[in-house]
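Shown next, in structure tokens, is the structure this report addresses.
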Number of protein chains: 2
Amino acid sequence: MNLAELTPEVLPYLGQAAYIQLAIFEAIARAVMLSPTVRAKEALGPAAGEALGKHEKLVGELRRRVDDPSSVMAAFAPAIDNYAAVIRGSDWYESLASIYLTAGILDDFFVLLATGLEGDIGPRAAQLISVETGRAAIVVLLNDAIAEDPSLGSRLALWGRRLVGDTLLVARSAIHHTENARTDEERIEPVFTELIAKHSRRMDGLGLTA
Amino acid sequence: MNLAELTPEVLPYLGQAAYIQLAIFEAIARAVMLSPTVRAKEALGPAAGEALGKHEKLVGELRRRVDDPSSVMAAFAPAIDNYAAVIRGSDWYESLASIYLTAGILDDFFVLLATGLEGDIGPRAAQLISVETGRAAIVVLLNDAIAEDPSLGSRLALWGRRLVGDTLLVARSAIHHTENARTDEERIEPVFTELIAKHSRRMDGLGLTA
């Protein structure tokens, strides 16, 4: 696997990664609002803060390079907003599963993609994006709910499998394509295999069959 | 003005203040979601992080005193959730005005109330609640919008005046009442006068007549 050869450009990388973290933040904040209990709101707070923090650090990197970070992010807003609506889910549990599973895939992807960035931004971006302690609380909330209602587990297993395709499309859109589409595909393939393997481990952690 | 004589109890103080900061966070996060532009989303991010940070620090203080901070906060959830729905406003601009104006009053109030807390928690709570750099961005967003549409200014002036009554009711509910209702009223009166004076200055800053 050598994603480094895909050499993403720095500004689009930061702009898309920053807007994706903002979308993850909004999804978590929405889950806070819709939480059935104060305890659940409370449990989700750190995950919201973590996504917002990643967003702001990535915007900080943009601000060192351009006057107007929003304009760099805005190019990605329509596609990401549409994606966010698709993965929102039909209830609070599907929303929680979406946040945990899709943020997992996207963080993994942008960490891998960072290895191809030129300059010292790559390791810094990888380090800031790879933090995910806040989302551990979502696993607890979902495990508790599935333990009480096994039919929820079947529903979320299906939902978790459905999320992968749309999420990999977002990842694919972040890759700077060379003139050789066939070579690109050969490079992307093992990356996606790795992302799916990690997704399957997250599904396992929720007791769901991937 | 001597609010210190009202001596709030520490746990209800922290529980209510923490849940109010969570409600402020949710209101800001909702405004992020409903922002018409990426630039506006971006501008609101720090205010969201600030409210969430205050909430988590207050919860941290609760956690040093009780096993289950959520149970302390939960007592205040119905009243605050109801208040949050009342002050939500009918559009994005009213929501922004509500956040800026009501969070201003409530932060001022809990800072004043902190002076009556026993032990070293008072100064610490006052210091952490009094931070409000993030909300400065809301003033810019509203000033820009009012400059473009003066009728919005008239509408928000009315809305800003309407918010005061409900917000002071929330503040009043935080005060530990003694057996002497008349004495309490005498003590509360100058505090509310001070809160309203500061509210009027915030209205002025928005170019609105209080």
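Structure notes:
- Note on A:73-82: average number of Cβ atoms from other chains within 10 Å of each residue's Cβ is 2.
- Sorting A:184, B:91 by the number of Cβ atoms found within 10 Å of their own Cβ, with the fewest placed first, yields B:91, A:184.
- In this assembly of identical copies, the label point of residue B:131 (Cα plus 7 Å along Cα-to-Cβ) is separated from its counterparts by 1.3 nm, sorted shortest first.
- Cα-Cα over 28 Å, subset of A:54/B:54; A:198/B:41; A:57/B:198; A:54/B:198; A:198/B:54: A:198/B:41; A:57/B:198; A:54/B:198; A:198/B:54
- Working from label points 7 Å from Cα in the Cα-to-Cβ sense, the residue B:136 to residue B:34 distance is 2.6 nm.
- When all alpha carbon pairs of the protein assembly as shown are counted in 20 Å bins from zero, the resulting P(r) reads 25, 51, 22, 2, 0 %.
- Between the listed residues A:134, A:36, A:99, the Cα displaced farthest toward the positive end of the dipole of chain A, a dipole computed from Cβ unit charges relative to the Cα centre, is found at A:36.
- Electrostatic dipole magnitude of the protein assembly as shown [Cβ: Lys, Arg +1; Asp, Glu -1; Cα centre; debye, to 20]: 160
- For the axis carrying chain B to chain A: nearest C-beta residue of B, whole Å: B:29, 2
- Pair residue A:85, residue A:200: separation of 7 Å Cα→Cβ label points (nm): 3.4
- When peptides B:157-168, B:27-38 are ranked by their average number of other Cβ atoms within 10 Å per residue, the highest-first order is B:27-38, B:157-168.
- Averaged over A:88-96, number of beta-carbon atoms from partner chains that fall within 10 Å: 0
- The charge dipole of chain A, taken about its Cα centre with unit charges on the Cβ of Lys, Arg, Asp and Glu (plus for the first two, minus for the last two), comes to roughly 400 debye.
- The phi-based Karplus calculation (6.51 cos²θ - 1.76 cosθ + 1.60; θ = phi - 60°) puts the 3J(HN,Hα) values of segment B:146-162 at 5, 4, 7, 9, x, 5, 4, x, 5, 5, 6, 5, 4, 4, x, 6, 5 Hz, whole numbers, x for Gly and Pro.
- Computed over every Cα-Cα pair of segment B:3-205 and binned at 5 Å starting from 0, the pair-distance distribution P(r) comes out as 1, 7, 16, 19, 21, 16, 10, 6, 3, 1, 0 percent.
- Taking every alpha-carbon pair in segment A:14-119 and binning the separations at 10 Å intervals from zero gives 15, 45, 31, 9, 1 percent.
Bear in mind these aren't lab numbers, they're just calculated from the coordinates by the rules spelled out. This is a predicted model, so every value here is computed, not measured. Positions of Cβ are backbone-derived with ideal geometry, glycine not excepted, and every protein chain shown enters the neighbour counts.
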